[in-house]
Amino acid sequence: MSDFRQPGPPVWRRLDSVTPQTVVTPQTVVTPPTARTAGHAHAHDEDVRYEAVRSRDARFDGAFFFAVETTGIYCRPSCPAVTPKRRNVRFFATAAAAQGSGFRACRRCRPDAVPGSAEWNVRADVVGRAMRLIGDGVVDREGVAGLAVRLGYSARQVQRQLTAEVGAGPVALARAQRAHTARVLLQTTGLPVTEIAFASGFASVRQFNDTVRAVYAATPSELRAAAPARDRAARRTATPSAGVPLRLAHRGPYQPGPVFDLLQREAVAGIEEVSGGPGRRVYRRTLRLPYGTGIVAVQERLGPSGGTGTGTGGGRGGGWLEARLHLTDLRDLTTSVQRLRRLFDLDADPYAVDERLGADPRLAPLVAARPGLRSPGTADPEEFAVRALVGRAEAERLVRRYGKVLDAPCGTLTHLFPEPAVLAEAEPEGTPGALAAALADGTVGLDPGADRDGAERALLAVPGLDARTVAVVRTRALGDPDVAPPGPAVPDTWRPWRSYALNHLRAAGEWENDR
């Protein structure tokens, strides 16, 4: 079960030659058409998307959705149902756009349970930033006006740009996300329907009921009864104390080993721990969330379709990571899931990354050895910025001295990392104090919708903060896939995936650790 994801104008994608023998990715870019050929190019673009649907190619799940006019249903490209006739098919960039056109989600392929589009993590423009913020739950917490303020645009401009590019405005996108959260809670927990309505972000039970009926063509009770056998089994054990079980879906091959190696090296006592042996490790950490706190556990071993814990997994489709969330307030479910997706880089498009980097003579053998290698992010950008500056030992001291003690500690997980405002007041001296103050007063913004170039300039203006640390923060806290730290030249041919290229070199022991 999953959850909800280049600067400049929209790019055109080439999906032609979609066959099992050819690796053509949703991120492959071709030259935009001229005005004279735009209509033809659009028709061709849809025709080749239909070929992806006809071949049931899971590589494109989340990159687009298709709907069938004769049935009123929308699906993911890999839906196993009989392929509809081309004349009856419409294509949408987002599930929200399909829902807005009156289509309901397919009960067979569950199109809301796909990895997010990798495009929104790559793009640095207002649409990419808006999509990341909506995924983090900003519209539910602050409304469209709050989203617009964070982006530095008017609400009308944000509405216009999102509608033009993804076929739905911020309210519709947030509504689709709430519906997915509701389905997860209905099918995997035994919580009362009323509690689920408000935990999913709906303002009223009536709004919740109307949305579930519109999206799934079923009442909440019918949707719960229709849960797959695995979800029904999970529901029997999913109590507030046991947490919410989740499948964090990913696209294509995934290498969990290097990600868990990194998390194990970095783990800060009191807020993180990694237990178990290679291939079967469990990463646990505490989370500070908008409405409360949380503890999450993620297993290294992939789901059955994703292979073994150290294998490539996924094939032409994908797999998932098993996770369990313990939240003091279920309204934080969507936000916590999105933060985990960024931490484990689950919305990446490994086909696009591997295709580009695999063409480089130096990187080709490394990509072949580790297909699907990810560029991990972080669950808490402000926390990571401080940790990147002070190091692990000092971070542990800060946790012991200033971290907030959990109301219900869980084993070795006893604290939350101290907030920037607390650190700025307690230890204002030096670069750590200056960074904490800049984070606390908003001079440095690292939220999912932050302008990456602006954030980098603000970080470099912090007295004593060096360019190498800033590059690490930009890569991990801001999720930039194309960062080259200062030092040895990094070829432009690795763009726009230089962060991934350096991870391949680090994994092979060919790049000095820059942390």
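The values are calculated or read from the model by the stated rules, or taken from the named source; none is laboratory data. Owing to the predicted nature of the structure, the values given are computational and were not obtained by experimental measurement. Cβ: placed from backbone, ideal geometry, glycine included. Neighbour counts: every protein chain shown. Heads up: the accessible areas ignore ligands, DNA and RNA and are worked out on the full protein's heavy atoms, side chains in. Shrake-Rupley method; radii C 1.70, N 1.55, O 1.52, S 1.80 Å.
Per-residue answers, yes or no, for (1) open to solvent by 30 Å² or more (accessible area, probe 1.4 Å); (2) of a type in the set (Phe, Trp, Tyr); (3) modelled with pLDDT of 95 or more:
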position: 464; (1), (2), (3): yes, no, yes
position: 473; (1), (2), (3): no, no, yes
position: 489; (1), (2), (3): yes, no, no
position: 497; (1), (2), (3): no, yes, yes
Residue match in the stretch 233-244 (condition: at pLDDT below 95, open to solvent by less than 30 Å² (accessible area, probe 1.4 Å) and not in a loop (DSSP other than H, G, I, E, B)): yes
Hey, residue 108 surrounded by fewer than 24 Cβ atoms within 10 Å (Cβ to Cβ), under 22 Å from residue 319 (Cα atoms), over 12 Å from the mean Cα position of the chain (by Cα) and charged (D, E, K, R) or not: yes
Selection count where residues are in a strand (DSSP E or B), touching a Ser or Thr at 6+ places or on another chain (Cβ under 7 Å) and not hydroxyl-bearing (Ser, Thr, Tyr), scope the stretch 257-292: 3
Residue tally, condition at pLDDT 95 or above, closer than 28 Å to residue 284 by Cβ and surrounded by 17 or more Cβ atoms within 10 Å (Cβ to Cβ), over the stretch 425-449: 6
Members of the stretch 73-91 found to be open to solvent by 30 Å² or more (accessible area, probe 1.4 Å) and closer than 15 Å to residue 109 by Cβ, listed by number: 73, 76, 80, 81, 82, 83
From the options 63, 35, 52, residue that is open to solvent by 20 Å² or more (accessible area, probe 1.4 Å) and modelled with pLDDT of 50 or more: 63
Residues within the stretch 363-415 that are at pLDDT below 95, outside any strand (DSSP E or B) and either more than 19 Å from residue 260 (Cβ to Cβ) or open to solvent by less than 30 Å² (accessible area, probe 1.4 Å) (or both), tallied: 0
Only listed residue being in a helix (DSSP H, G or I), crowded, with 22+ Cβ neighbours inside 10 Å and more than 19 Å from the chain's Cα centre (by Cα), chosen from 162, 186, 147, 173: 186
Residue count for the stretch 150-159, restricted to those that are surrounded by fewer than 17 Cβ atoms within 10 Å (Cβ to Cβ), on the phi < 0 side of the Ramachandran plot and either assigned to a loop (DSSP other than H, G, I, E, B) or aromatic (Phe, Trp, Tyr) (or both): 1
Whichever residue in the stretch 189-222 is among the β-branched types (Val, Ile, Thr) and not in a helix (DSSP H, G or I) and, among such residues, is surrounded by the most Cβ atoms within 10 Å (Cβ to Cβ): 189
